[in-house]
Amino acid sequence: MSDGIGYISVPGLVGTDREQGDAFSAEVCQAIERRANEASRGWIVDLRRNGGGNMWPMLTGPRALLGEPSPGAFVDRAGTSSLWRIRRSEGCSSDLSSAPVAVLIGPRTASSGEAVAVAFRNRTRTRFFGRPTAGLATSNQSIRLPDASMLMLTTAAFSDRSGSTYPVGITPEVQEESDQATRNAADAWLRTMP
């Protein structure tokens with residue numbers, strides 16, 4: 001926290017262990033919940049070091065800021081869309097969907113980290129800062145081959161609330177080269193928000 005601006009870093013989470021995922025999302029959610037009343041100017045959500053992993057806990061944690069339970073979708077080659085369903089983390093009830101949010105992204109924001117970024121795209125009072133993401137905003141499926149090896153096949157792209165996909169990554173509205181310049185630009189923008 002600094003001068004009414006909340007800060008939360010959402011790192012990647014590798015693995016599919018349910019208990020580990022629940023603990024991760026609860027930690028993020030509770031950190032937001034604890035500071036909700038103090039973050040009068042808005043929030044910085046830092047995804048610059050989120051290289052991916054299990055997207056569901058990463059989306060459940062900041063659910064209070066995302067607002068709606070379906071902030072994105074998978075879109076397959078035929079154009080069929082499957083909405084994401086994001087539950088609330090237990091013990092977290094804040095609704096911060098109208099709070100201003102500055103999302104920090106960069107080239108290390110990849111895969112499921114990009115899913116979190118996509119979930120914030122086209123959210124009202126939200127702006128992106130930093131550098132373009134890795135361009136891996138896709139869903140993959142593991143297919144076991146006869147020789148017991150695995151083939152990872154991209155089967156869908158992530159789409160945001162408006163249906164836009166990001167095949168070459170997400171480009172921020174405000175591009176900055178350094179981490180400090182990115183943070184400063186986000187702080188400055190949040191200070192202009194009513």
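Taking each residue of segment 119-132 that is touching a residue at least 40 places away in the same chain (Cβ under 8 Å) and looking for partners that are of a type in the set (V, I, T) and open to solvent by 50 Å² or more (accessible area, probe 1.4 Å) with beta-carbon atoms closer than 9 Å, six or more apart or interchain, yields F128/T171; R131/T171; P132/V168; P132/T171.
What number of residues within segment 126-143 are in contact with a strand residue (DSSP E or B) (Cβ under 8 Å, 6 or more places away or on another chain) and at pLDDT 95 or above? Please lay out each step first, then the result.
To start, the set of residues in segment 126-143 that are in contact with a strand residue (DSSP E or B) (Cβ under 8 Å, 6 or more places away or on another chain) comprises 126-133, 137-143.
Subsequent filtering for residues that are at pLDDT 95 or above retains 126-133.
Residues flagged as in contact with a strand residue (DSSP E or B) (Cβ under 8 Å, 6 or more places away or on another chain) and at pLDDT 95 or above within segment 126-143 amount to 8.
Restricting segment 102-155 to residues that are hydroxyl-bearing (S, T, Y) and within 30 Å of A39 (Cβ to Cβ), the residue that is surrounded by the most Cβ atoms within 10 Å (Cβ to Cβ) is T109. Considering segment 1-31, and only residues there that are surrounded by 18 or more Cβ atoms within 10 Å (Cβ to Cβ) and assigned to a loop (DSSP other than H, G, I, E, B), the residue that is farthest from the chain's Cα centre (by Cα) turns out to be G12. Of the conditions (1) within 17 Å of the chain's Cα centre (by Cα); (2) surrounded by fewer than 15 Cβ atoms within 10 Å (Cβ to Cβ), R34 clears all except one; give me its number. Just one mismatch for R34, condition (1). Restricted to segment 172-194, and to residues that are part of a loop (DSSP other than H, G, I, E, B) and open to solvent by 70 Å² or more (accessible area, probe 1.4 Å), which residue is farthest from I5 (Cα to Cα)? Restricting to residues being part of a loop (DSSP other than H, G, I, E, B) and open to solvent by 70 Å² or more (accessible area, probe 1.4 Å), the top hit is E177. Of all residues in segment 156-171, those satisfying the criterion of being open to solvent by less than 60 Å² (accessible area, probe 1.4 Å) and small (G, A, S) are A156, A157, S159, G163, S164, G169. The set of residues in segment 34-54 that are over 26 Å from G130 (Cα atoms) and either of a type in the set (V, I, T) or in a helix (DSSP H, G or I) (or both) contains only R34.
Residues that are of a type in the set (A, V, I, L, M, F, W, C) and open to solvent by 20 Å² or more (accessible area, probe 1.4 Å) were ranked within segment 51-98; the one that is farthest from the chain's Cα centre (by Cα) is A78. Residues of segment 137-157 include at least one that is over 20 Å from V101 (Cα atoms), assigned to a strand (DSSP E or B), in contact (Cβ under 8 Å) with a residue 12 or more places away in the chain and in contact with a Leu (Cβ under 7 Å, 6 or more places away or on another chain). Residue count for segment 89-112 satisfying the condition of being under 18 Å from V45 (Cα atoms), in a loop (DSSP other than H, G, I, E, B) and not hydroxyl-bearing (S, T, Y): 9.
This table checks each residue for (1) over 20 Å from E27 (Cα atoms); (2) not small (G, A, S).
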{"position": "A117", "(1), (2)": "no, no"}
{"position": "F120", "(1), (2)": "no, yes"}
{"position": "T126", "(1), (2)": "yes, yes"}
{"position": "V168", "(1), (2)": "yes, yes"}
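Within segment 144-191, the set of residues being among the basic types (K, R) and more than 16 Å from A73 (Cα to Cα) comprises R144, R183, R191.
The set of residues in segment 113-136 that are among the basic types (K, R), over 12 Å from the mean Cα position of the chain (by Cα) and in a loop (DSSP other than H, G, I, E, B) comprises R125, R131.
The values are calculated or read from the model by the stated rules, or taken from the named source; none is laboratory data. Keep in mind it's a predicted model, so treat the numbers as computed, not measured. Glycine also receives a Cβ, built like all others from the backbone with ideal geometry; neighbour counts cover every protein chain displayed. Note: areas computed on protein heavy atoms with side chains; ligands, DNA, RNA excluded. Shrake-Rupley method; radii C 1.70, N 1.55, O 1.52, S 1.80 Å.
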